[in-house]
1. Loop-only trypsin sites (Lys or Arg not before Pro) in the stretch A:48-100, please: DSSP not H, G, I, E or B, and at most 13 other Cβ atoms within 10 Å.
2. Any chance you could check the stretch B:347-381 for residues losing 30 Å² or more of accessible area when the partner protein chains are in, compared with the chain on its own (1.4 Å probe)?
3. Loop only per DSSP, at most 16 neighbouring Cβ atoms within 10 Å: give me the trypsin sites (Lys or Arg not before Pro) in the stretch A:450-485, ordered by residue number.
4. Among the listed pairs A:Lys343/A:Lys471; B:Lys173/B:Lys248; B:Lys197/B:Lys222; A:Lys193/A:Lys437; B:Lys331/B:Lys444; A:Lys213/A:Lys238, which are separated by more than 21 Å between their Cα atoms?
5. Based on alpha-carbon centroids, what's the gap between the stretch A:239-285 and the stretch A:424-456 in Å, whole number please?
6. Return the carbon/sulfur percentage of the accessible area of the protein assembly as shown, one whole number, probe 1.4 Å, all protein chains in place.
7. Rounded, prolate or oblate: which fits the stretch B:172-283, taking a ≥ b ≥ c as square roots of the Cα gyration tensor eigenvalues, rounded meaning a/c under 1.5, else prolate when a/b beats b/c?
8. Between B:Glu246 and B:Arg387, how high is the FRET efficiency from 1/(1 + (r/R0)^6) when r is the Cβ-Cβ distance and R₀ = 45 Å? Nearest 0.05.
Amino acid sequence: MGKINLRLTEVQNRERRLGTIIAWNGTASDLHTQSGYQQRGSGCKSNKDGCRLCEAKGPFTQGSVCSEQMVECQAGNVRDAVLIQHSPIGCGAGQVPYNSIYRNGLAMRGHKVENIRIINTNLQETDMVFGALGKLKQSIDDAWERYSPKAIFIGTSCPTGIIGEDIESVARKKQEELGIPVIPLFCEGFRSKHWSTGFDATQHGILRQIVKKSTKKQEDLVNVISLWGSDIFTPMFKELNLRVNYVVDMASVSDLEQLSEAAATVGFCYTLSSYMAAALEQEFGVPEVKAPMPYGFAGTDAWLRELGKVTHREELVEQYIAKEHARVKPKIAELKKKLQGLKGYVATGSAYAHGLIQVLRELDIQVDGSLVFHHDPVYDSGDAREDSLGHLIEHYGEVPSFNVSNRQQYQFYGLLQEVKPDFILIRHNGLAPLASKLGIPAAPLGDEHIAIGYEGIVNLGEAILDILAHKKFHDDLKKHAKLPYKQWWLEQKDPYILAKHPELIDA
Amino acid sequence: MAVTKNEHGQTNSINQVRYGCAVGALYSVVSIPGAVPIGHCGPGCMDKQYTSLAFYNGFQGSGYSGGSVSPSVNAGEKEVVFGGEKRLDELIKSTLKIIEGDLFVVLNGCIGELVGDDVGAVVSKYQKQGVPIVYAETGGFKGNNFVGHEIITTAIIDQYVDKFTLNKDHREKGLINVWSELPYQNTFWRGDLSELKRILEGAGFRVNILFGGKSAGVEEWKTIPHAQFNLVVSPWLGLKTAKHLEQKYNQPYLHIPVLPIGAQQTAAFIRQVVEYAGIDPATAESFIEQEEKEYYYYLEHFNDFYAEYWWGLPATYAVVGDSTYNLALNKFLVNQLGLIPRRQIITDNTPEKYREAIAQEYQKLAHDVATTVDFVEDGYIVGKLLRETDFGHKPPIIFGTTWERDTAKALKGNIVEVGFPASYEVVLNKSYIGYRGALQLIEKIFTVAISASA
């Protein structure tokens, strides 16, 4: 593993740093073996110029997601900051979904509900020719005048990347002039094949320009790297005599400043937390809790014990574990009866999927297949305790149909035919509508915290029972909906056939 | 280069976007039954337009070819450096193998336009083979989805309709092409277009509605040249297309700037179209009579509430939205309900040359009611203007978008979300226009008002 380099203004993208891939087809254990987590973590040569995993990429692709969107949903959701999108107006369309998520997230966390603060520089054709740093400066001034923010983020776009706007120098000047951090985030959609690089871009900017360099420590403060999910950590941490510092969504700039003062950093998903947690340890000495993720009994036990070790609360943790086991076990036994014989399928981001499969298996639900949007062969710390796929396989067994597909709906059809689940768990839009048309209900996990910890096992079980009732709606729809795919494609057994035989499109 | 502020203080900055970009017109393609968009753009472009226009805007849904179905090049560094023509070519080829469609529309985005990909050359190869496919230069920096919409309709007409229509000189009296609301952008377009078609058919016409569930899809587009005339029902959107058709096929057009809401406007609208077409007005008159009977049957019963509800009803209002809906609502609220206009803001970046004529329409809302309109796209300025407005002694109704929720709350007013984005409305076939839509609109306005009262 290379060290994280905070001196560079641009974050190094995931495919170079971690060897991320977006297309793969096989079993979970094959992917794990080929990823060689331990080797890569110890700095083996094969990782120097990226991953050596073979990618099953074919000629056909459907629209996915870009890094800039992740910047909107992270930097755009910092409460007293403003995000400027230096782009044509189309990138600004993202303000709509992220406003809705932001408003509901604020409500869920008990903050005042208000509109998201994103300003688009509205670049036009002449700007493509002559450049538009004047407009960028103006929008920074507008942000300052309108909101008196504590920090201003600037997100780049495909066009500004191509025309080569010198955003850095404008940001530096404005930072001096305004006396607040003005932070360029490099997140051109074309720069990385996977949008999770957008998480890293945001975190890189925060680490460089917001996090305090003080040596002060708050021994009971724990950074939780999350999105907008409900507050399940405060009550949990209270029992351990710890306080939560939620970042990045819904955080204030001062919450971000004190990231360096915390006793530890945790995440609910290594896809999201990998970069920031590793950098906080490397640059600010804040230990990252390196453990399996807190899903299912095995995962949560191990995660809590490691947290206890890092924060010196071993005893409280043991008491909490014992109490919680006793509390939820009868509930889970009841749920298992109701969920008996069901087959589930998980289609979400990478590390998050590993966690969800654990919870499903804990509920005795059969999981023969999963689709993850990307795969990181290793996370930034390189520590084997974070090998979430390895942990899944070791404690919860093989997943025979394990596929990486960057939200490619046409492939999802074949995967569902192969596995024939009773329901699916999803995050991100686009796959559930297809499943519905096949009569398969989906539980959309918009609240990413729903399945975490012991209570998460119960929560997820109940969520599944709720959505199984929707099956009536989907079965009815199934009889009337027409799929957009040709018969030739619907009859293919292998959803990756075009990647293996691209010559088929000439036939 | 320094940026100048306009009279409202608007700069280049846009807070709270109220439209997509030219690529957003991919949802105009999606709204034509049987048509499939293909994006020659970055990995997030199609998704952004989807989640904003088709999801968090009434949750209209992706339908047959939108959402995650739409093929996209997902351009990466390689395409930026070496060009994306080869990648587009393999995408088109594989799309034709996998996706069932009657018409494919390639939309060139910012990346393709900036690196200079010759999308036309790639697509024309397929056109020569007889594949129903067209291309449009819709780079996001070219403008918004209103602009993109007419780029796309023109592309389909020039590259597909013109090629595949038989007997282009043949005209059918009583057949009309309708150009009105922008699909998906106007949250209620589906219900509205279907009501528009119902009204025109009731008046004795045959109607090419062209978009939405009531359209016969690509087959219907092929009959565009056969129409007696084009009907543009909006202040400006569609005029470019109509003028293009006039030039191309010598097909005349009728421009009615006000989309009709309620009995008065709708009857006037029908009579104007009938007179222009020169068809026998008997069918239209008997349709109007029948519709008015039903319409006023309901209003008579609504009257008890409107005349006697003593917990207070709003008197003043503001409308924030696209020119089409903005003007239509104003005409209706003033003439049918007797409400008092206080602030009108058009947010669709109306081309400069149409603004004066639109502003004139607000000068004659009724014989005794006139008001002014502002053209603003920046949501921050919208909020500022609304907060500066004197709405009198009672809380106003704000007809706007999700962006106006905070302002409505600050003004202690009611909010009715009538345009993009409407993130707290679920919309299936709801319509606010014509006879039936007007009744639904009245229900909505006063349900919102009285449910907030206690």
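The values are calculated or read from the model by the stated rules, or taken from the named source; none is laboratory data. Given the structure is predicted, the values throughout are model-derived calculations rather than measurements. Counting neighbours? That spans all protein chains shown, and the Cβs are built from the backbone with ideal geometry, glycine included. When the accessible area is computed, the model is the full protein with side chains, heavy atoms only, and any ligands, DNA or RNA have been set aside. Shrake-Rupley method; radii C 1.70, N 1.55, O 1.52, S 1.80 Å.
1. The qualifying sites are A:Lys48.
2. B:Tyr380
3. Those satisfying the criteria are A:Lys479, A:Lys482.
4. In this structure, A:Lys193/A:Lys437; A:Lys213/A:Lys238 exceed 21 Å between Cα atoms.
5. Result: 27 Å between the Cα centres.
6. 51 percent
7. rounded
8. The calculated FRET efficiency here is 0.55.
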